[in-house]
Amino acid sequence: MFDVTPTKVHSTVTLSNTKKAILLILPWLWLTACSESAPEPKDNASYYHRVSAMPLVISDEYQITRQFIGKVVSNQQAQLNFEVAGRVKSIDVDEGDKVSKDQLLARLDNDRLLIERAQLDAQKQQFIAQIELNQATLKRVKALRKNDYASIQTIDELTAQDKVLKAQLQHIDAQLAANTYQLEHSELRAPFSGTLNKRYINMGEVITPEKTALLLNQDQHLQVKVGVPQMVAEQLAQINDPANSFDNQYPINIRLQVNDRDVAINGINISSNISSDSRSVQLRIPLDENVKAYHNQLAYLYYQQQYQQIGYWIPMSALTDGVRGTWNIFTLEKHKDALFKVHQHSVEVIHSEADRAFVKAQLPDDQLLVAAGLHRIVPGQLVRINRSDVSTQGDSL
């Protein structure tokens, strides 16, 4: 009698192996179905880096614009003081007020001076009476002397006393004049028309002649004061020389700006002294009456100097440092088609500004300058230039 169990086991093992094979094949089938067919490789052209380029323009000179900062000042500025001591009785103006010449600004209490004047007037009348009495007595004594009723000593004493009284009267007159001076100067008046810009005193305050009371600035006849180096002052002195006629017009390379606007330069007054602090020479430039400016406002003097030197103006981005402190630039030489070959040149920086520099070098006339991106190229490399540069330069590229 036979048992059919082994056949059943064999079938179970075969089914298990089939499942394993199917599980191994399914991932490969899934990846194959999801992935796209790989494109066939193409023969692409070689890549050439694009750079920004500009033409090299040679110049036989370069200009430097120097800026000197000055300030607007009043032609007249006064720190007003009382010439006598006293207590402030009234203040008739305040900061920012416009005042006219001889206008009353402030006053001191003058009661004490008035009492003193009354005392001096009384003393003067007393001495006048004594002088009149002495002169009458002297006249009678001289009449008695003719009849030998009076001595010569009495006449001498009365004559001397008359001189003493007259001297004392002159002393009283001098005191009265001093009192009048103090009374007049107990009032503070404007010496010229202008604007009161500062008040240092208050009502009821006791002040002395050493204390500044008010600050007054003249509104008209404004001027600019600016310090310049001695060399610039000497050059301006030649321009300012009446022997050099410019039809009353200064050259265009001198400009003065106030309130961000150019103002006319009608004259330049140059000091003969060099400042011990800044070692500069001060210029004084009067302003027209129609120029609106504030005292101590900043003003800017621009002076353009020209130097004879053959070289090139290039952007600062076209410079790269070389060995031992030298500076290099890259130029482009036409190679073939639209390709250019990079060349390196050492240059000498003559003058530099914020965004450009004037350099001296022996450069080919038919090459372009690499204006930026020097860190991405090396000498001998073949490059293309930007399409915008191509349209700008035209067919020459």
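Conditions (1) more than 30 Å from Ile239 (Cβ to Cβ); (2) modelled with pLDDT of 95 or more; (3) in the same structural domain as Leu56 (by TED's automatic domain parsing); (4) touching a helix residue (DSSP H, G or I) at 6+ places or on another chain (Cβ under 9 Å), marked per residue:
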| residue | (1), (2), (3), (4) |
| --- | --- |
| Thr320 | yes, no, yes, yes |
| Gly325 | yes, no, yes, no |
| Lys341 | yes, no, yes, no |
| Ser352 | no, no, yes, yes |
| Asp355 | no, no, yes, yes |
| Ala361 | yes, no, yes, no |
| Leu374 | yes, no, yes, yes |
| Pro379 | yes, no, yes, no |
| Ser388 | yes, no, yes, no |
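What is the residue count in segment 203-236 for residues that are touching a Pro at 6+ places or on another chain (Cβ under 9 Å), of a type in the set (A, V, I, L, M, F, W, C) and either closer than 22 Å to Tyr300 by Cβ or exposed (fewer than 15 other Cβ atoms within 10 Å of the Cβ) (or both)?
Going through segment 203-236 one residue at a time, the tally reaches 2.
How many of the residues in segment 140-150 are part of a helix (DSSP H, G or I), farther than 29 Å from Ala122 by Cα and basic (Lys, Arg)?
Residues that pass the stated criteria total 2.
Only one of Lys146, Lys139, Lys124 is in contact (Cβ under 8 Å) with a residue 40 or more places away in the chain and either over 30 Å from Ile201 (Cβ atoms) or more than 60 Å from the chain's Cα centre (by Cα) (or both); which?
Lys124
On the basis of being of a type in the set (Phe, Trp, Tyr) and more than 30 Å from Val226 (Cβ to Cβ), does Phe358 make the cut?
no
Considering segment 151-185 alone, what residues qualify as being outside any helix (DSSP H, G or I) and either within 60 Å of the chain's Cα centre (by Cα) or not hydroxyl-bearing (Ser, Thr, Tyr) (or both)?
Pass one, segment 151-185, residues outside any helix (DSSP H, G or I): 151, 185.
Answer for segment 151-185, where residues must be outside any helix (DSSP H, G or I) and either within 60 Å of the chain's Cα centre (by Cα) or not hydroxyl-bearing (Ser, Thr, Tyr) (or both): just His185.
Which one of Glu333, Glu348 is part of a strand (DSSP E or B) and under 16 Å from Met316 (Cβ atoms)?
Glu348
Pick from segment 186-202 the residues that are more than 31 Å from the chain's Cα centre (by Cα) and surrounded by 13 or more Cβ atoms within 10 Å (Cβ to Cβ): which of them is nearest to Gln103 (Cα to Cα)?
The selected residue is Arg189.
The values are calculated or read from the model by the stated rules, or taken from the named source; none is laboratory data. All values derive from a computational prediction rather than experimental measurement. With ideal geometry, Cβ positions are generated from the backbone for all residues, glycine too; neighbour counts draw on all protein chains shown.
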